[in-house]
Amino acid sequence: DKTDANAVKKDNNKLWKEFADTVASTLNAEVMTSKKINKGDYYVTVDYTIAADGQVAITNVLLVPENKFLQEQLKERLSIDTPRLNPVLAGNGQPRKVTKRYNFTLTKN
């Protein structure tokens, strides 16, 4: 039954949040301890596209306040295990490319 198969699939927002949470916890454990990063909050905005086949591409990583080292680490880690998401369907039922944005905060104490 098709409806059961679709119900089992996680939605893209949940899949992406799980991925971003994993990346954030890895960064907190491995990168935020670096002396190259000052104490405080870093606000991260990730722009990405979901292709018609569900393939995800990171298009931009914005970090406030700016920190080149942390930004490079973010780009690298976001690109390593980027999940494949469900294709987004247009009104006519055909998969289409969409651009998304996700925000999260990293804190160094």
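The values are calculated or read from the model by the stated rules, or taken from the named source; none is laboratory data. What you see is a predicted model, and the numbers here were worked out from it, not measured in a lab. Cβ coordinates were reconstructed from backbone atoms using ideal geometry, including for glycine residues, and neighbour counts include every protein chain displayed. Heads up: the accessible areas ignore ligands, DNA and RNA and are worked out on the full protein's heavy atoms, side chains in. Shrake-Rupley method; radii C 1.70, N 1.55, O 1.52, S 1.80 Å.
Find the accessible area per residue for region 56-109; the probe is 1.4 Å, ligands and nucleic acids are left out, and the unit is Å².
Numbers: 3530 Å² over 54 residues.
In whole numbers, region 56-109 has 65 Å² accessible per residue.
Specify which residue in the list 106, 88, 78 is farthest towards the positive end of the charge dipole of the chain, using unit charges on the beta carbon of Lys, Arg (+1) and Asp, Glu (-1), about the Cα centre. So the residue we want is 106. Measure nothing but the geometry: give the 0 to 90° angle between the long axis through the Cα atoms of 12-30 and the longest principal axis through the Cα atoms of the chain, rounded to 10°. For helix 12-30, the angle is close to 20 degrees.
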